[in-house]
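As structure tokens, the structure follows; a few thoughts come after it.
The values are calculated or read from the model by the stated rules, or taken from the named source; none is laboratory data. Treat the numbers as computed from the prediction; the structure is a model and nothing was measured. Here the Cβ positions follow ideal geometry from the backbone for every residue, glycine too, while neighbour counts run over all protein chains shown.
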Amino acid sequence: MKQEFDQYIDDYRRHCDQALRLSGETSAYFAEYKAKKLSDWLKRKIPAKAQILDFGCGDGLMTQFVHNEFPNGQIYGVDPSPKSIEAAQKQCPGVMFSVNSEESMQLDFENHSLDLVFSAGVFHHIPFAHHDKYMAELARIVKPGGYIVLFELNPLNPFTVWTFKHTPIDRHAHMLRPQYTYRLMKQYGSTEVLFYCFYPKMFSWLRKTEPLLTKVPFGALYASLTQKRGR
Ligand SMILES: C[S@@+](CC[C@H](N)C(=O)[O-])C[C@H]1O[C@@H](n2cnc3c(N)ncnc32)[C@H](O)[C@@H]1O
């Protein structure tokens, strides 16, 4: 089956940068920003040699930033788009990439084998009817006490909604409301939703206030973090 993202990969970053132009930042800025957030939240909570998976890694740009943040970890990336995986392999040779099957919805990792699974901007490309199955699969491969983090677009932010509607790669996508994502994840452990990216570049001097705003549900993006139950 032809993968939707195979058609975008040659121009993927241009599409993303174009979509993000209202923010005044590039997609690389956001990829690095999210990798640094992961590091701020979890670096001291998972082992230095953590096993980490980027689920839906695309061209691997964020995977590379995560690799920089967790240099002693073993990083994996999966995506159903073979062309994206090819691009990711060129971008970050230190990461182990593979194609995952959308048909089986299964991931080729042992039960309880990973310290952290994260996924950025992926679930809104997965049909809602498949979310539970994928979440159960992510929870299966994470160790008890390990973490799952989903980064998603916030449909409560008008700029995000405008951007989403004008982005060709989001044509078949559907945003996830923060409450929905919270409920999806909380069955697997303690979960919190954090909002971020409140200010465009022209107001970047205000960004130092963002740590105070993580519970205000209007950031352009949000992350939902679950620490898997049990130890
Ligand atoms: C908007 S891109 C995000 C890519 C990357 N995470 C990033 O932050 O740049 C969405 C990605 O989700 C992937 N995707 C779609 N359905 C998926 C599935 N069932 N399993 C894993 N990845 C999927 C697409 O192939 C695409 O690479």
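When you scan segment 36-64, how many residues do you find that are touching an Asp or Glu at 6+ places or on another chain (Cβ under 7 Å) and within 10 Å of the ligand (Cβ to nearest atom)?
The number of residues fulfilling the criteria is 5.
Could you tell me whether Ala31 is out of contact with any helix residue (DSSP H, G or I) (no Cβ under 8 Å at 6 or more places or on another chain) and either closer than 16 Å to Leu114 by Cα or touching a residue at least 40 places away in the same chain (Cβ under 8 Å) (or both)?
no
In segment 66-78, what residues are out of contact with any Phe, Trp or Tyr (no Cβ under 7 Å at 6 or more places or on another chain) and either within 24 Å of Glu4 (Cβ to Cβ) or among the β-branched types (Val, Ile, Thr) (or both)?
Scanning segment 66-78 gives Val66, Ile75, Tyr76.
What are the residue pairs meeting all of these: first residue in segment 114-126, first residue among the polar types (S, T, N, Q), second residue more than 7 Å from the ligand (Cβ to nearest atom) and assigned to a strand (DSSP E or B), Cβ atoms under 6 Å, and 6 or more apart or on different chains?
Final answer for the pair search is Ser119/Leu150.
Here are some residues: His15, His67. Which one is under 19 Å from Ala173 (Cβ atoms), more than 8 Å from the ligand (Cβ to nearest atom) and in a helix (DSSP H, G or I)?
Only one candidate passes the filter, namely His15.
Hey, among the residues in segment 68-90 that are touching a Lys or Arg at 6+ places or on another chain (Cβ under 8 Å) and not small (Gly, Ala, Ser), which one's surrounded by the fewest Cβ atoms within 10 Å (Cβ to Cβ)?
Of everything passing the filter in segment 68-90, Asn72 is surrounded by the fewest Cβ atoms within 10 Å (Cβ to Cβ).
What number goes with the only condition from (1) in a loop (DSSP other than H, G, I, E, B); (2) without any contact (Cβ under 8 Å) to a residue 24 or more places away in the chain; (3) crowded, with 16+ Cβ neighbours inside 10 Å that Pro93 does not pass?
(3)
Scan segment 70-90 for residues that are more than 11 Å from the ligand (Cβ to nearest atom) and closer than 18 Å to Ile9 by Cα and report the count.
The total comes to 3.
Could you pull out the residue among Ser101, Ser81 that is of a type outside the set (Asp, Glu) and either touching a strand residue (DSSP E or B) at 6+ places or on another chain (Cβ under 9 Å) or farther than 24 Å from Arg171 by Cβ (or both)?
Exactly one of Ser101, Ser81 is of a type outside the set (Asp, Glu) and either touching a strand residue (DSSP E or B) at 6+ places or on another chain (Cβ under 9 Å) or farther than 24 Å from Arg171 by Cβ (or both), namely Ser81.
Considering only residues that are without any contact (Cβ under 8 Å) to a residue 12 or more places away in the chain and not polar (S, T, N, Q), which ones fall in segment 174-231?
Tyr180, Arg183, Tyr199, Phe203, Trp205, Leu206, Arg207, Lys208, Pro211, Leu212
Given the criterion within 10 Å of the ligand (Cβ to nearest atom), modelled with pLDDT of 95 or more and charged (D, E, K, R), identify the matching residue among Glu137, Glu102.
None of the others qualify; the one that does is Glu137.
Can you tell me which residues in segment 187-224 are under 16 Å from Asp132 (Cα atoms) and under 17 Å from the mean Cα position of the chain (by Cα)?
Once the filter is applied, which keeps residues that are under 16 Å from Asp132 (Cα atoms) and under 17 Å from the mean Cα position of the chain (by Cα), segment 187-224 yields Thr191, Ser224.
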